[in-house]
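One structure is given here, and the rest of the page talks about it.
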Amino acid sequence: MKIAHVQKFLCSLLLLSTISVIGQQGNGKINGKISLSDNTPAESVAIALKDTKYSTNANHNGQYEIKNIKPGNYTLVINGIGIKSISENITIRNNQTLLKNFKLTESKEELNEVIVKRNKYKQDKPSLSLRLNTPVLEIPQNVQIISGQTLKDQQITSMSDGVIRNVSGAVRLEHWGDLYTNITMRGSQIQAFRNGFNVVSSFWGPLTEDMSFVDHIEFVKGPAGFMLSSGDPSGLYNVVTKKPTGITKGEVNLMGGSFDFYRASIDLDGKLDKKGKLLYRFNAMGQNKGSHRSFEQNDRYVIAPVISYQLDDKTKITAEYNYQRANMTEVGSYYVFGKDGYATTPRNFTMTQPGLPDTKINDHSAYFLFEHNFNSKWKLTAQTSYFKYMQQGYSSWPAAVGPLSIDTNNDNIPDTQVLDSGEIIRGVSIWDADSNMYLGQLFVNGKFNTGSVTHKVLGGIDLGSKDYMADWGQSHALDTFEDPFNVNNPDYGTPANGMPNFDRETPLKERAGGLYGSEYAAGYIQDEMGFFENKIRLTLAARYTWINQTSSYSAPASDSHITPRAGLSISLTPNTAIYGLYDQAFTPQAGIVREGSVKPLTGNNVEFGIKRDWFDGAWSTTFSAYSILKKNELTADPANTPGQNFSVVLGEKRARGIEVDLRGKIVEGLNLIANYAFTESTVKSSNVPSIVAGSTVPGFAKHTANAWLNYTVVNGKLKGLGASIGVTYLAGRQTDTWSVGLEKLPNYFKMDGGLSYETGKLKFTANMFNILDKYLYSGSYYAWLGAYYWQSEAPRNIRVGVTYKF
């Protein structure tokens, strides 16, 4: 019966296409190119025949084409944000191709200024690196874009510095200080991308990006067959770095704040030749950053040059290099431990040992991008990248937390207390790491018609090789049971057991206890078909992926899989679309089981939603509901004895929820970002006795709500004066371990706000964070340690900055 329905549907489509082809005989078309006064392409400008259905938008090269126009007399109209409209009378004859080129009076710099001032928090189109040549409104998936102006207004300095407040349902796993971002969304940790490349080489990476070289950030909710070779079905975020714009301009930013925070950055953008074919972008940053805890700092340095060259009208190449240097206190210095519950010490309390050498990180990434437009409809993109991560440092974690008794009689009854309440044996481990990633992509975007059906085709291949090795096997106890560290009376002098002296003479490859590697190859094809003048869009896609994973802790795991994708988007009005999506993801798993073989983790996502642009696209809303099912996930075997590393298949986990996102200009000068998410992630079936069906999966918040409201005076004597207020609320927070302890994490509420003033080329910005001065923290309970740990956030603090544009 289902097959018969499919046959009827296909026959109907074929009939509609045939009728359309017959009806189009003798029709004409119009095409051309639209440029700005500085000869740069007028991207996204609207072209239409007045009072008709015929319309289109110029592509990124300023080219446009309108087909299947009935012969007759028309008025061609060109409109766009911040440009002066153009209208011209034209005549279309039978089988005629009319060529019409236009040059607008505005320059790209003027146009960009208008766009930013009109709508600084909303972006309508994803980046080239997201591969989709479709407006966000028409993509059958929840995609949220955080604009560069949002990052500036909120004085965000890195990926771990408040970015997630701008996306529904996103929380950070453990925080990891300002070392790794590790964002959880839809019940699982999402994948980290940069310029379209998956840059995850291990659980602990990548190094969080500094915002000095970041243009904007794209969050893709749920599986993304057009992006992922393998990965978690909860989604990904894609950091898009700054590229040359062809506009000669520059920007210097100075910032200072509480706890010895000092930062300076420069952004240079311009041309290296008179014709504007050879362009450059250069970003650099230096930062000293202290903490509300003593003996803790995180200093950063960044250099990020980019060069692009337009070989001809159709071909462009871009070369880019990003370097990040971090000198920071050892990983884990921000954690505090205790057995009596969370937040039992002052907010500024620290357990770190002064005098430990800094953890030093060098993070390199290089990219080469080739773009070729065969014509206005077909484009080839090829890019390759190399990532090199080097870390030499330390990690702190306690060996024991008091009160603690031991069994001296071997009768399984503790009888001798070795640590009193508040006493801790602090431990330090080495953490040296090295990672290499070689990644490549080639994909084609194309457009064509079959009768009245339009097609947007995406196809390509992904190749990659990643390795990560680390030495964290050397450890040293700073304190002794005879002379422990006392939380109630801390002594930060020379520890009783002295400072560590780890072996770094032996090459890392020989002493590394953690070795991880993966190789993958993937091919994919996607077709977005438009029906009834593109009011209905059906997306069908499939991806084939082969991947091989290795680990020093388990046997190699190699597998291949085909993941399908189907999406439907329907425009109820030009500004409103509803959508539905079914997508899959899979990840081979490395592990050793006592019986049988290891199967790959598989997941599927079913999602429905509605998107709407309001008031001529000034602001947008997205509502989505989803259900994600994960199967065959491995977890440690509870029956393991010391030294054993067997795994068992946990069973099935399911995440369900709803998400609401709003962003854009409400009225002139008033911009808002607001979001809410309800998330529920539970174990559906379990093979582990200690984890029963219905158990809550760790690492998310059931309710997350955020808002950021900014108002800038646009007229009068106070023109340029702005004010902002923002809040974050988390309820039903789950810890990041299965052992929740007797005390749950409390609800979280944080309020931030700021003032700004812009006059001419200068802009002054000041923000206050944690205005209510609440004791805010995240943490978990470790059953094997019998203790809680938490990381406190800074008390009320400020950042003040000045930006000069030239």
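The values are calculated or read from the model by the stated rules, or taken from the named source; none is laboratory data. The structure presented is a predicted model; accordingly, all values stated were derived computationally and were not measured. A quick note on method: Cβ atoms are made from the backbone with ideal geometry, for glycine too, and the neighbour counts reach across all protein chains shown.
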Those residues of region 692-712 which are of a type outside the set (S, T, N, Q) and either crowded, with 16+ Cβ neighbours inside 10 Å or at pLDDT 95 or above (or both) amount to 697, 698, 699, 700, 701, 702, 703, 705, 707, 708, 709, 711
Could you go through region 369-388 and let me know if any residue there is in contact with a Lys or Arg (Cβ under 7 Å, 6 or more places away or on another chain), of a type in the set (S, T, N, Q) and in a strand (DSSP E or B). yes
Residues 346, 357: which one is closer than 30 Å to residue 200 by Cβ, surrounded by fewer than 19 Cβ atoms within 10 Å (Cβ to Cβ) and either more than 28 Å from the chain's Cα centre (by Cα) or among the aromatic types (Phe, Trp, Tyr) (or both)? 357
Select, from 477, 470, 433, the only residue that is among the aliphatic types (A, V, I, L, M), farther than 29 Å from residue 543 by Cβ and over 34 Å from the mean Cα position of the chain (by Cα). 477
Checking the condition part of a strand (DSSP E or B) and either buried (at least 19 other Cβ atoms within 10 Å of the Cβ) or not aliphatic (A, V, I, L, M) (or both), which residue from 458, 515 passes? 458
Looking only at region 681-702, count how many residues are in contact with an Asp or Glu (Cβ under 6 Å, 6 or more places away or on another chain), farther than 12 Å from residue 630 by Cα and of a type in the set (Gly, Ala, Ser). 1
Residue set 23, 82; condition of a type outside the set (S, T, N, Q), at pLDDT below 75 and touching a helix residue (DSSP H, G or I) at 6+ places or on another chain (Cβ under 6 Å); output residue 82
Report, by residue number, each residue of region 245-263 that is surrounded by fewer than 16 Cβ atoms within 10 Å (Cβ to Cβ) and within 23 Å of residue 762 (Cβ to Cβ). 248, 249, 250, 252, 254, 256, 262
Taking region 686-715 and keeping residues within 22 Å of residue 744 (Cα to Cα) and among the small types (Gly, Ala, Ser) leaves 690, 693, 694, 695, 699, 701, 705
Output for region 681-713, where each listed residue is over 25 Å from residue 778 (Cα atoms) and basic (Lys, Arg): 684
Going by what's in this entry, would residue 376 be described as surrounded by fewer than 19 Cβ atoms within 10 Å (Cβ to Cβ) and among the small types (Gly, Ala, Ser)? yes
Can you name every residue in region 51-73 that is part of a loop (DSSP other than H, G, I, E, B) and among the basic types (Lys, Arg)? 53, 70
Over region 337-368, the set of residues of a type in the set (A, V, I, L, M) and in contact (Cβ under 8 Å) with a residue 60 or more places away in the chain is 343, 351, 356, 361
Quick one: is residue 145 in contact with a Gly (Cβ under 6 Å, 6 or more places away or on another chain) and under 24 Å from residue 186 (Cβ atoms)? no
